[in-house]
1. Kirkwood hydrodynamic radius, the stretch 112-322, all distinct C-alpha pairs: what's the number in Å?
2. Could you pull the Rg and Dmax for the stretch 408-483, using just the Cα atoms, both in Å?
3. Karplus couplings for the stretch 289-295 from phi (6.51 cos²θ - 1.76 cosθ + 1.60, θ = phi - 60°), rounded to Hz, Gly and Pro as x?
4. Counting other beta carbons within 10 Å of each Cβ, put Thr561, Thr332, Thr145 in order, fewest first.
5. Find how many whole Å separate the alpha carbon centroid of the stretch 387-463 from the alpha carbon centroid of the stretch 304-362.
6. So if we plug the beta-carbon distance of Leu426 and Asn192 into 1/(1 + (r/R0)^6) with R0 = 30 Å, what FRET efficiency do we get, rounded to 0.05?
7. How do Ile536, Ile551 rank when sorted from fewest to most other Cβ atoms within 10 Å of their own Cβ?
8. What does the extension gain come out to for Lys398 and Ile533, with contour length at 0.36 nm per residue minus their alpha carbon separation?
Amino acid sequence: MSLIIYRPLLFTCSPSPPLSSNWAHPNGRFPTWRPPPPRTTIALLFKERPHNVEPALCQTKDTYSDLRIIKTIVNCQTEWALLTNFTLNSNQPKTTMEKVRSNMTAFWKEHSQAATVEEMMLDSRARELTQHELPEILSMLPCLTGYKVLELGAGIGRYTSHLLTKAAHVTAVDFMESFVERNRQENGHHGNATFIRADVTKLDIPPNNIDFIFSNWLLMYLSDEELKSFIEKMLGWLRPGGFVFFRESCNHRSGDSKRDFNPTCYRTEAQYSHLVSSVQVEGPEGGQKFGFDIVLKKKVQTYVEMKNNPNQICWLLEKVPRSSNNQNGFSTFQQFLDNQQYTSRGILRYEKMFGAGYVSTGGPSTTKEFVDLLNLKPGQKVLDVGCGIGGGDFYMAKTFGVEVLGLDLSDNMVDIAMERAITEKLPSVQFEVADATKRTFPEGSFDVIYSRDTILHIDDKLALFKRFHSWLKPGGQLLISDYCCGEKPWTPAFESYVKQRGYVLYTPSQYGKFIQEAGFCNVRAEDRTAQFIQVIKTELQRAEAIKDEFIEEFSEEDYFTIVNGWREKLERSNSGDQRWGLFYAMRN
């Protein structure tokens, strides 16, 4: 490398003894040293040009970590001023990934001197945040009993100690020696731990070897190129059915620690979700492809409540076989939903028909009627499976003082619900993107499980109802409305409709039997098709009344598409093919 010095011409200068002690900024102080990004030029400016300074050749170190290095490479006995917009020029150009690694190394060398939790979290409130954040993060993880765990970016071991008590073995990896040593000191007494200092992008792990990969604030320190490659590697390392959990700062920084430079990549939630959903790898034998399904995506509530920061996002992914035939040509069921029935525009069109805040039959009127059956009490915990855009959840929280967690597999639905939550200002209502067939909660977590016109998408309803039974407290209540069907044979038009939507439908009585078989008592299964037909007619009348407004907000094509869809729904219901059921049950 060569050092380039400006004044006003470029020249290089040979190594020499350190500058005299009067080497200083014009204001009498050394300027703040900021480690430069790779391939930049360090620019120095004479305060006065000494008559005896001549250009000369020099070689410098690859890493510039503090001001002392600059002082030792300049052969001058006068004062200099350091420009702040310096760069380092390399004779051998580095690749993009080498630049990123160099930057990250410099950044974390600066922030790992004492190996404290404050340094690692880059936040003065790190200890207070950890107290609340740790249990929240751990509650999102799957059962780790018997699992071989790979913890990436383990740091000083904030999570390592907890993972070790649950898993069969934990390999904790970090690329800062001080962090690895601190983790080893804290957790080395465990017999099921291995500690490795390594760059995670260079790890070599046999395929199908890991059950669970955990990382906390890691991917935002990788370039886009590195990230895609690394996600493919993690997918390969995991056994089929294995999980990845990662948490990232999205959109902007979260900590308040001073940073002279910040090489972090603050991506959006959508960027991460799209990338992890689109990556595929072939199995060791070839042929069968695997990808990630999103089990959950949610905000870290600790940061929302303590720092008013909604940009700390967690993902839990599962490695699953991929088949384009299963999801109408899409890689995942979630992609099918968000690109077919529940596009953002499609959701807003539904809302215009159902009523503000709602995307299910009857909107606010049926919501009030059905919720009244539950006799909700302040402080009770409600799980809304298929929460849509959140109207029912806001209603329950405001009217009855309950706490509501809304789940929906549609990213588009949850995005809109979260936007509405900002206006509603109800901390008792939370939302997450989640697959209810894979999401886990401790037994007895909820007083009520509520679901409106959503389970029609689920194939194995009995397995789902068994999960519901486990999640409810003794005496807890289940209330579901859902699309059902009449006895077969169906008309060809209804067969086509069900296939196109990907629905799995049963008669109301069959539906009720699944709930009973799952262990519930006091099961009531009601055929509410007559009410369904009346609601459709009412919604069509309202659509006619707001036709001009609808067309102005969307388009004439949108208006007739949605109205014709409602008319077809009415025809299917009148023919007996499409039914609507209401189901109530309790856990003993």
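Quick note: the coordinates plus some simple rules give every number you see, no bench work behind them. Here the structure is a predicted model, which is why all the values come from computation and not from measurement. Cβ atoms come from the backbone with ideal geometry, glycine included; neighbour counts cover every protein chain shown.
1. For the stretch 112-322, the Kirkwood estimate is 17.5 Å.
2. 13.5, 37
3. Coupling constants for the stretch 289-295: 9, 10, x, 9, 9, 7, 7 Hz.
4. Working: Thr561 13, Thr332 20, Thr145 8.
Listed from fewest to most nearby Cβ atoms, that is Thr145, Thr561, Thr332.
5. 12
6. Values: r = 43 Å, r/R0 = 1.43.
Once rounded, the FRET efficiency stands at 0.10.
7. Least crowded to most crowded, the residues run Ile551, Ile536.
8. Details: separation 135, 0.36 × 135 = 48.60 nm, distance 2.96 nm.
My answer for the length gained is 45.6 nm.
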